[in-house]
Amino acid sequence: MSFAYPEFLFALLAISVPIIIHLFNFRRFKKVYFSDIRFLKDVEIETKSRNKLKNLLILLSRILAIIFLVMAFARPVIPTENKATAASNSVVVYIDNSFSMSAEGEAGSLLEEAKAKAIEVGSAYANGAELHLLTNDFSAAHFRNLSFEEFKNEVASVQSSPQVRNFDDVVSRASSVFDAAAPSSLYFISDLQAKTSTPRESSVDSLLNIYIVPVQSDGEANIYIDSCWFDSPSRLSLQPDNLNVRVRNAGSKDIENLSVKLTLNGVQRSVGTTTVSAKTYEDVVLNFTNAASGLQRAEVSIQDYPITYDDHYYMSFNLANAISILSVNGQSASNAAAKLFDSEPNFTVTQVSDGRLDYSALSATDLVILNEVPSFSSGMIAELMKFVSAGGSLLFIPSEKPDMSSTNELLLAIGTEQFTRSDSSKLKVEGVNLKSKVFKNVFTQWEERIDLPTVSKHFGTQTRTTASSERLLTLANGESLLSSYRMEKGNSYVLSAPLRDSWTNFHRHALFVPAFYNIALNSVTNGASAEVIGSNELIPISSRLGNAETLEISNQENNGSFIPERVARAEGNGVFVHDQIRTDGHYLLLSGKGDTLQPLSFNFNRAESDMNFLTAEEFTQLAKDLGISNLEIVEGSTESLASQVQEMHDGKQLWRLFLVLALLCLLFETVLIRIL
């Protein structure tokens, strides 16, 4: 036991006062004579004994009252067993202000309860300690050394944040503010959501004492839009489309007849309903027809309470008028491909001879078809390789009598297998890659005896299986009739036979139309933008830009804008937004001249939507399993938190106990004097 004010112990000399009073209390008795005092003597003896005991008890109560009162003023303390905690004078209070903290607790929202507990923790260190506030924003304004009054003001200003931080990130950030050689304390006030609060690293500074202050919600109800995606990477104007919506139920009760709405450019275009069982998800397919060409802003929404931040999902994409196809034809080349695309309004086909190719037209082309071109110049090979690398698609149809040297040079440049020889074996297609983008969803049901294309002659290839190559149609001898290859941003498709009756019947087969149609569709990469706020991933830029051009990201709803970090890499340009976006919704990427380059949509991180929480015991066990020993759970009401924290830091205060004992002694003395 130690004393905060040991000088008060000198006041114990005051116990001599009641002792002196007791010793010099010579009260004289008056004699009264009676004729017969035989019975009075017995009464006198009994009264003297009783008074003597009473006086001794009064003396003892007075002595103890003085002792207890002096001890109370001396402020006795039983020191804490953790010496590092007692020595700690640097304190970080972390408030979990993620979206999951908007759930309701016993005293309103969990965030408000966490803020109240943070102030109680700070009040325990109001005299002399270095207070720091930490939230998911990792704001430097919060993280500076604060007085208690400043600390209270900063806590009051804390709002929900889209940023997601896990336990290890918070510990690492808190450790960075302290002197490495001095003990310090971190108070982690959180709902202990399993996804973000689970400790995963054991490298915690031994001088950092971690105190977990849990705040718990009343329930686990939350239903949210997990993700959305299209079946096809390309969108065509005025064409039917399907949007897949995954709705997840994180609560413990089934949700029936939930309405899922799709809004496109502010107009509701589709509605679906679903029933989602507890702790599962359901995929809802929303059917709609794309609008005319141009910028498309899509919003999928549901209704849920009290956690509403994840009830909206934003996507955006561009719709082109038509897919641009450039067919470079050799002399007397087959026109089977041109006939197919000419009959479709969603395609614009331009045909040129191999000797009149304008290389500047490649930048505005989605798909280049090399249709029976017999030979290739080095300049043409270089331009076609550049076209594919930049994201273009190329379909190669060989000539009946190709120049093998220049043909193989081209095939090598665009990352495909080279031709070896002409094979006159009559073969049938025996394999169709139904998992590929070209033939996916072409067949509703596959039959083993289905009639497939045949070849009378074809060009053999050097087999070179890589992760970027894919066989689409495989012949009976194992060689390919149609293959696809990925090179950087673009795709190449190689047919091993000309589209002539003397070589193959593929151009007359039912598979020809969906194969070439899907090759053309996949040449357009107008996939939807649906970025995650707080993610550090690079957002690619599809437009070609000057090296010094400054970009801007704008939100038309609140007229806000900022300049993102632009990055130029070998695989293309992109931007980082870091933590500059805090509101979900639709944005625009603008050039330095103010022209719209591409739409961007941002959504809140769904990690906070999962309503699985750790109990204090589970969290402690996980920490112990990682070897984290300097961790303690602090539970209790908000009102008692300050005294709990002060007791952990300063030790167990006993002055209240001694004050109560002093009052009891005085009460006992009063009872002795008045009643007995």
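The values are calculated or read from the model by the stated rules, or taken from the named source; none is laboratory data. Keep in mind it's a predicted model, so treat the numbers as computed, not measured. A quick note on method: Cβ atoms are made from the backbone with ideal geometry, for glycine too, and the neighbour counts reach across all protein chains shown. Side chains are part of the model used for accessible areas, which takes the heavy atoms of the whole protein and leaves out ligands, DNA and RNA. Shrake-Rupley method; radii C 1.70, N 1.55, O 1.52, S 1.80 Å.
A few notes on this one:
- Verdict on ARG449 being touching a residue at least 12 places away in the same chain (Cβ under 8 Å) and exposed (fewer than 15 other Cβ atoms within 10 Å of the Cβ): no
- Within the range 454-505, the residues that satisfy the criterion of being buried (at least 23 other Cβ atoms within 10 Å of the Cβ) and part of a loop (DSSP other than H, G, I, E, B) are SER496, ALA497, PRO498.
- Count of the range 426-441 residues which are open to solvent by less than 50 Å² (accessible area, probe 1.4 Å) and assigned to a loop (DSSP other than H, G, I, E, B): 4
- Strands (runs of 3 or more DSSP E) fully within the range 577-676 that include at least 1 residues being without any contact (Cβ under 8 Å) to a residue 60 or more places away in the chain, more than 30 Å from LEU12 (Cα to Cα) and not small (Gly, Ala, Ser): 585-590, 596-603.
- Residue among VAL438, VAL513, VAL432, VAL455 that alone is out of contact with any strand residue (DSSP E or B) (no Cβ under 8 Å at 6 or more places or on another chain) and of a type in the set (Val, Ile, Thr): VAL513
- Unmet requirement for GLN239, which otherwise passes all of (1) over 27 Å from ASP584 (Cα atoms); (2) open to solvent by less than 20 Å² (accessible area, probe 1.4 Å): (2)
- Test for VAL271: is it part of a strand (DSSP E or B), in contact with a helix residue (DSSP H, G or I) (Cβ under 7 Å, 6 or more places away or on another chain), touching a residue at least 12 places away in the same chain (Cβ under 8 Å) and at negative phi: no
- Number of positions in the range 133-157 that are open to solvent by 10 Å² or more (accessible area, probe 1.4 Å) and outside any helix (DSSP H, G or I): 7
- Applying the set (1) modelled with pLDDT of 80 or more; (2) crowded, with 19+ Cβ neighbours inside 10 Å to SER88 leaves exactly one unmet item: (1).
Each row is one residue, and each column tells you yes or no for (1) of a type outside the set (A, V, I, L, M); (2) buried (at least 19 other Cβ atoms within 10 Å of the Cβ).
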{"site": "LYS279", "(1), (2)": "yes, no"}
{"site": "THR289", "(1), (2)": "yes, no"}
{"site": "GLY294", "(1), (2)": "yes, no"}
{"site": "GLY330", "(1), (2)": "yes, yes"}
{"site": "ASP354", "(1), (2)": "yes, yes"}
{"site": "ALA361", "(1), (2)": "no, no"}
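- From the list VAL170, VAL121, the one residue that fits, being in contact with a Leu (Cβ under 8 Å, 6 or more places away or on another chain), hydrophobic (A, V, I, L, M, F, W, C), touching a residue at least 60 places away in the same chain (Cβ under 8 Å) and under 30 Å from HIS312 (Cβ atoms), is VAL170.
- Filtered residues of the range 605-645 (kept if open to solvent by less than 20 Å² (accessible area, probe 1.4 Å) and either charged (D, E, K, R) or within 21 Å of ASN555 (Cβ to Cβ) (or both)): GLU608
- Some residue of the range 435-450 being acidic (Asp, Glu) and in contact with a helix residue (DSSP H, G or I) (Cβ under 8 Å, 6 or more places away or on another chain): no
- Scanning the range 227-235 turns up one or more residues that are outside any loop (DSSP other than H, G, I, E, B), at pLDDT 80 or above, surrounded by fewer than 21 Cβ atoms within 10 Å (Cβ to Cβ) and polar (S, T, N, Q).
- Note on the range 275-332: residues that are among the polar types (S, T, N, Q), out of contact with any helix residue (DSSP H, G or I) (no Cβ under 9 Å at 6 or more places or on another chain), under 27 Å from LEU236 (Cβ atoms) and part of a strand (DSSP E or B) amount to 6.
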